[in-house]
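The values are calculated or read from the model by the stated rules, or taken from the named source; none is laboratory data. As the structure is a prediction and not an experimental result, all values here were calculated from the model. Virtual Cβ from ideal backbone geometry, glycine too; neighbours counted across all protein chains shown.
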Amino acid sequence: MDIKESQSLRDTLLKEIAKCRACRFCIDVCPAYQASEWVENMSPYGRLQILKYLINGTLEEDDPLIYSLYSCLQCGRCDRLCKAKGQNLEVANLIRLGKYLLSQGLVKGKKSEKV
Amino acid sequence: MDINMSKLTKDLGKIVGKEHVFTDKPTAVVYAKDTMPWDVEEKNIPYAVVRPSNSQEISKILKYANEKLIPVHIHGSGTSLVGLARPKTKGIVLDTARMKKINVYPERGYFEVEPGLHLVQVKKELAKYNALLPLFPGSELVATIGGTVAVNTSAHGVDAALGKPGDFVLGFEVVLPTGEIIYTGTESTRRAAGIDPTKFFVGSEGLLGVLTLLRIRLLPLPYFKQIVAYYNKTEDIIDTVMEMYKQGIHPPLFYEFLDERAAKIGFEAVGLEEPIGAVAMMRVHSWSKVGSEDKAQNFLKFLQVGNPIEAKIVEDIDEWNLIWSSRAEAGNYMYRLGMTFGSEISPRVDKLREAFHEAQLIVKNLKSYNNAEFISFGHIGAPTIHAYAFIPTKDISNDLKKALTLEMREKTEDLNIKYGGCGGEWGLTAQRVSFLKKKYGESLYELLVRMKKALDPNDILNRGNLQGWI
């Protein structure tokens, strides 16, 4: 992915995540949230916020951030909840794309920054 | 404030266990965000998120915070719509999510619950005992029982029909801001007359203490009947509500409406045929089946006063669920199409019509954004006017989001003052301070500050909410 494409992906993610109202309705359906004893950064809501603040530069790539994003099991239960009660976001897919940015070093952070 | 982060982590870890203390920035950001439309700023991001499991641990955290003079912000699920849930200053976020125990005692007539249990889970537990949870926020999927009682919100419920959450609270265990653990109230179903400190903590918004155990009366599940009424225009619904109070008719437990625009959006969203105009939806309750049928028939007759196009009792529960969900979906869909900036005006009932018209003018004449669209829906029977300014984009700056929020707040405050209201349930301290000063004067505000100081001399709990910080 070249610089232009990665910028476009970051812009798309930011635009999509801006639709999240932070209602947190999705947290209880997330198995990772339940398994973590209800820590919000292990929930779909939390991962979307972390991704947003990572892309806009408030956060940098670090271990807790990676742990949060990679705790997503891609089960898609949050998608169904968001469609029924929220903003119809494809939450799991957004998190998957966020993990891709991380794996390619396309976000700010000490570990693998290329941007 | 200079904070030694490694010492803070270690000290808090000694109290709750190190696995329940988070001092990393990603976790802190997640707990700082609430539903307010603008982004989290550095000042909102806490030093630490700490997750205690009982009142003893909370007591130790608060004693520690007083010793070190670090503010503590209580976190339930962060669903407050009016800024209460966002820390206003750097400090420790105290998350109640691990406190979820519930015990139902039918032989004693009450249940006891810890603050972190989500309302939908409380409802599920009470259903086993054929009991009603008399709390009705739209966020029941995740709203905590501690937070709901701490703000004392009726939400969808009409106050005059059943009361407010605090009316059912028999007692609390509370950790005071300085760390003492106290017990209030009774284990009898008979509550105290006169001074009962339980009342101090109902609706105290976490300013006066942390609710760690709530004892709430068991209410038998009533029988319900549902009514929907279609109107040519919103004004007919408003006139009906005014007439209901004037004639002394017992209000339905739920009395919601969608204005012409919201009805179209909401009905389309749930796949129902587009209505001609505005829609009102009501749910009456009674403690007997015959009573509920009688009440619904009587209310149906009364509704003719507002000249509905059609009004009917909805027997089919699937049809009702669709109609009812159109109200929530109207809000969701508007947010999908752009942004909404809300308000609550809860006027004197006989001024409802005038207040509604002036709310429309406020939205149409906003200075911070031209051509915002007025949309309204919500608990009109309460009476509540949720006046929304809708703008068809999300692509606006943080500064403009703040300006719109604050302009709506200030102008609807004036309307609440003009028409005798208090800001209803969006009148929480996090957005209420200027209103309190304008409506009641500095003396009343100073009284509240003194009350807070009496319990919280170092201003540890939820600092900034009573100051009106954003």
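Which members of the range B:327-383 meet the condition of being acidic (Asp, Glu), under 23 Å from the mean Cα position of the chain (by Cα) and outside any helix (DSSP H, G or I)?
Within the range B:327-383, B:GLU344 is the sole residue that qualifies.
Which one is nearest to the other protein chains (Cβ to nearest Cβ) among residues in the range A:25-48 that are aliphatic (A, V, I, L, M) and within 15 Å of B:GLU19 (Cα to Cα)? Working first, answer last.
Taking the range A:25-48 and keeping what is aliphatic (A, V, I, L, M), we get A:27, A:29, A:32, A:35, A:39, A:42, A:48.
Still in the running and within 15 Å of B:GLU19 (Cα to Cα): A:35, A:39, A:42.
Details: A:ALA35: 13, A:VAL39: 7, A:MET42: 9 Å.
Among residues in the range A:25-48 that are aliphatic (A, V, I, L, M) and within 15 Å of B:GLU19 (Cα to Cα), the one nearest to the other protein chains (Cβ to nearest Cβ) is A:VAL39.
Could you list all residues from the range B:188-210 that are over 28 Å from B:GLU107 (Cβ atoms) and surrounded by 20 or more Cβ atoms within 10 Å (Cβ to Cβ)?
First, the residues of the range B:188-210 that are over 28 Å from B:GLU107 (Cβ atoms): B:195, B:200, B:203-210.
Within the range B:188-210, B:SER204, B:GLU205, B:GLY206, B:LEU207, B:LEU208, B:GLY209, B:VAL210 qualify.
Out of the residues in the range B:32-52 that are under 16 Å from B:ASN465 (Cβ atoms) and in a helix (DSSP H, G or I), state the one that is farthest from the other protein chains (Cβ to nearest Cβ).
B:LYS43
Here are A:LEU89, A:LEU94: which of them is closer than 29 Å to B:VAL270 by Cα, more than 8 Å from chain B (Cβ to nearest Cβ) and not in a helix (DSSP H, G or I)?
Values: A:LEU94 fails: not in a helix (DSSP H, G or I).
Sole residue among the options that is closer than 29 Å to B:VAL270 by Cα, more than 8 Å from chain B (Cβ to nearest Cβ) and not in a helix (DSSP H, G or I): A:LEU89.
Any residue at all in the range B:178-187 that's more than 20 Å from the chain's Cα centre (by Cα), surrounded by 18 or more Cβ atoms within 10 Å (Cβ to Cβ), at pLDDT 95 or above and under 21 Å from B:LEU428 (Cα atoms)?
no
I need the full set of residues from the range B:192-234 which are assigned to a strand (DSSP E or B), more than 21 Å from B:ASP459 (Cα to Cα) and hydroxyl-bearing (Ser, Thr, Tyr), in order please. Walk me through how you get there before you give the answer.
Just the residues of the range B:192-234 that are assigned to a strand (DSSP E or B), to begin with: B:210-217, B:219-220, B:223-231.
With more than 21 Å from B:ASP459 (Cα to Cα) added as a condition, the list becomes B:213-217, B:219-220, B:223-231.
Of everything in the range B:192-234, those that are assigned to a strand (DSSP E or B), more than 21 Å from B:ASP459 (Cα to Cα) and hydroxyl-bearing (Ser, Thr, Tyr) turn out to be B:TYR223, B:TYR230, B:TYR231.
If B:LEU81 meets every condition in (1) within 14 Å of chain A (Cβ to nearest Cβ); (2) crowded, with 18+ Cβ neighbours inside 10 Å; (3) at pLDDT 95 or above apart from one, which number is that one?
(3)
Among residues belonging to the range A:61-80 that are surrounded by 16 or more Cβ atoms within 10 Å (Cβ to Cβ) and within 8 Å of another protein chain (Cβ to nearest Cβ), point out the one that is farthest from B:THR23 (Cα to Cα).
A:SER68
Checking B:LEU253 against (1) under 14 Å from B:ALA311 (Cβ atoms); (2) under 23 Å from the mean Cα position of the chain (by Cα): exactly one of these is not met. Which one?
The single condition B:LEU253 does not satisfy is (1).
Among the residues of the range B:87-98, are any surrounded by fewer than 18 Cβ atoms within 10 Å (Cβ to Cβ), on the phi < 0 side of the Ramachandran plot and more than 12 Å from chain A (Cβ to nearest Cβ)?
Scanning the range B:87-98 turns up at least one residue that is surrounded by fewer than 18 Cβ atoms within 10 Å (Cβ to Cβ), on the phi < 0 side of the Ramachandran plot and more than 12 Å from chain A (Cβ to nearest Cβ).
Which members of the range A:10-24 meet the condition of being away from chain B (no Cβ under 11 Å) and either surrounded by fewer than 18 Cβ atoms within 10 Å (Cβ to Cβ) or of a type in the set (Gly, Ala, Ser) (or both)?
Across the range A:10-24, the qualifying residues are A:ASP11, A:THR12.
Residues of the range B:175-229 being farther than 29 Å from B:PRO252 by Cα and among the charged types (D, E, K, R), which ones?
B:GLU180, B:GLU187, B:ASP196 - these are the residues of the range B:175-229 that are farther than 29 Å from B:PRO252 by Cα and among the charged types (D, E, K, R).
If A:ARG47 passes every condition in (1) closer than 21 Å to B:TYR335 by Cα; (2) at pLDDT below 95 but one, which one does it miss?
(2)
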